[in-house]
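The values are calculated or read from the model by the stated rules, or taken from the named source; none is laboratory data. These figures come from a predicted structure and were not determined experimentally. Backbone-built Cβ (ideal geometry, glycine too); neighbour counts: all protein chains shown. Just so you know, the surface numbers come from the protein's heavy atoms only, side chains and all, with ligands and any DNA or RNA stripped out. Shrake-Rupley method; radii C 1.70, N 1.55, O 1.52, S 1.80 Å.
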Amino acid sequence: MQIRWPLVLACSQLGLLAPVIEAAEYPTRAVRIVVPFSAGGGLDTTARLTSPILSAGLGQTMIVDNRPGAGGTIGTVVVAKAPPDGYTLLIVSNSFTINASLYRKPGYDPIKDFEPVTALASYMLYVVRHPVLPARSIKELIALAKSHPGAVNFASAGHGTTTHMAGELFADMAGVKMTHVPYKGSAPSLTAVVGGEVTLSFASTAALPYVSAGRLALLAVTGSKRSPRFPKVPTVAETLPGYEATGWHALFAPAGTPAAIVTRLNETVVKGFKQPEVMALFEKRELDQAAGPPEALAALVRSDVARWAKVIKSAAIEQQ
């Protein structure tokens, strides 16, 4: 049998070009964006701000698919196992990195199983207290917790959430023992603090209406800088140097997704987020835009995985 080498080489070259051609034409059909939490929450809001930007920039429909359960691991695993063709994406919060140590078998590796596309948003938390709690500052809170180990309790939106880990990080860095009281979401956790069932919370922006109404007192913010909305309220770090606990939302694709597709997704989001009307929407929701290069998101994931693993181990938080 005579082998026709020019034909073989031509076919081989076409095979190498196929992914490039496919990436250049991407997308040719609807793209699914998996959100591993329920509709209506903060992460879902970011997804629904991002999806029309991607739709307009790419010329295709974006379908937001909420897949809640198991602290966000169920929906995340769906994307980890999806074909790396750019048609199944993930918008996730930093529970993505927390779960890597919180769960014995999370079902995914946040570093190996995904291609970072871009960070989307970041946000600080608010240390709020019920008026019955005698501490009027972070310094007084630390002193109170040291003098009464375990007596100060703090509510969170659930085991392993950012609001939980922020409290554990605070206790670890301050060298105090506090009692964590988890709830099923931000709303019930804040209801508990407002009602005096729990006296403290490292809460999301959902706490701010209660602060404005005078039902909760704001002790500090957890970001590296003071909040423009509350310029007189100190950061935790002003009393506890080095402390910072912020949440973030980001866009990922399955590992192996062609670089050209990742680049196009990234550029579409970065460009779209610069629109004044989009910037206004983020500001209204107390979110900071965080769109940037994939490399920056990759570095954030690596540092967060290591950071939360240390906190979970130090605080002896039970794995799921």
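Could you report the chain's accessible area per residue, 1.4 Å probe, as an integer in Å²? Could you put the intermediate results ahead of the total?
Working: 14950 Å² over 320 residues.
Accessible area per residue, the chain: 47 Å².
To one decimal place, what orientation-averaged projected area in nm² is obtained for the convex hull of the Cα set of segment 14-171? Working shown, then result.
On the way: hull surface 48.4 nm².
Averaged projected hull area, Cα only: 12.1 nm².
Return a whole-number percent for the relative contact order of segment 68-211, with Cα pairs under 8 Å and 6 or more residues apart as the contact set.
Values: 194 pairs, mean separation 36.5, N = 144.
RCO, segment 68-211: 25 percent.
What order do M173, M279 take when sorted by accessible area (1.4 Å probe), most exposed first? Display every interim value, and only then the final one.
Details: M173 75, M279 100 Å².
Descending accessible area places them as M279, M173.
Express as a percent, rounded to the nearest 5, the fraction of DSSP beta bridges in the chain (both residues included) that run antiparallel.
Working: 23 of 38 bridges.
About 60 percent, rounded to the nearest 5.
Among all helices in the chain defined by DSSP H, which have a length of 27 Å or more along the axis from Cα atoms plus a Kyte-Doolittle mean of at least 0.0? Mind showing how you got there, number by number?
Values: long enough: 5-25 (29 Å, 1.23); 294-314 (30 Å, 0.28).
Within the chain the helices that satisfy the rule are 5-25, 294-314.
Once the piece of chain linking I74 and A56 is laid out straight, how much longer is it, given 0.36 nm per residue of separation minus the C-alpha distance between them?
Numbers: separation 18, 0.36 × 18 = 6.48 nm, distance 2.87 nm.
Contour length minus Cα-Cα distance gives 3.6 nm.
Percent of accessible area on segment 196-282 owned by carbon and sulfur, 1.4 Å probe?
Working: 2170 of 3830 Å².
Reported share for carbon and sulfur atoms: 57 percent.
So what are the ³J(HN,Hα) numbers for segment 123-135, from phi and the Karplus equation (6.51, -1.76, 1.60; θ = phi - 60°), rounded to whole Hz, Gly and Pro as x?
Once θ is set to phi - 60°, the couplings for segment 123-135 become 7, 8, 10, 10, 7, 10, 9, 6, x, 6, 6, x, 5 Hz.
Lys/Arg Cβ at +1, Asp/Glu Cβ at -1, dipole of the chain taken about the Cα centre: which of T163, G107, A143 is farthest positive-ward?
Of the options given, the answer is A143.
Under 5 Å between amide H atoms, partner at least 5 residues away or on a different chain: which partners does A255 have, H built in plane at 1.01 Å?
F114, E115
Excluding same-chain residues fewer than 8 positions from K284, which lysines have a Cα within less than 17 Å of its Cα?
Correct list for K284: K274.
What percent do you get for the relative contact order of the chain when only Cα pairs under 8 Å and 6+ apart count? List each step's numbers first, then the result.
Numbers: 606 pairs, mean separation 80.8, N = 320.
This gives 25 percent for the chain.
What is the spin-label model distance, in nm, from L281 to D172 if the labels are put 7 Å beyond Cα along the C-beta direction?
Reported label-point gap for L281 and D172 is 3.5 nm.
Relative to the present Cα-Cα distance, how much length would full extension add between A213 and S314 at 0.36 nm per residue of separation?
Working: separation 101, 0.36 × 101 = 36.36 nm, distance 3.68 nm.
Contour length minus Cα-Cα distance gives 32.7 nm.
With all protein chains present, how much of the accessible area of segment 91-138 (probe radius 1.4 Å) comes from carbon and sulfur, to the nearest whole percent?
Values: 860 of 1630 Å².
Solvent-exposed carbon and sulfur of segment 91-138 make up 53 percent of the total.
How big, on average over all directions, is the shadow cast by the Cα convex hull of segment 108-194, in nm²?
Numbers: hull surface 29.4 nm².
Averaged projected area of segment 108-194's Cα convex hull equals 7.4 nm².
Lys/Arg Cβ at +1, Asp/Glu Cβ at -1, dipole of the chain taken about the Cα centre: which of L89, N153, T50 is farthest positive-ward?
Projecting each Cα onto the dipole axis, the largest value belongs to N153.
Which pairs break 30 Å Cα to Cα here: K184/K313; K184/K271; K177/K232; K146/K313? Write down the numbers at each step before the final one.
On the way: K184/K313 23 Å; K184/K271 36 Å; K177/K232 28 Å; K146/K313 21 Å.
From K184/K313; K184/K271; K177/K232; K146/K313, over 30 Å: K184/K271.
Determine, from the Cβ-Cβ distance of A296 and D65 and an R0 of 30 Å, the FRET efficiency 1/(1 + (r/R0)^6), rounded to the nearest 0.05. Intermediate values should be presented prior to the final figure.
Values: r = 26 Å, r/R0 = 0.87.
Step by step, r from the Cβ atoms, then E = 0.70.
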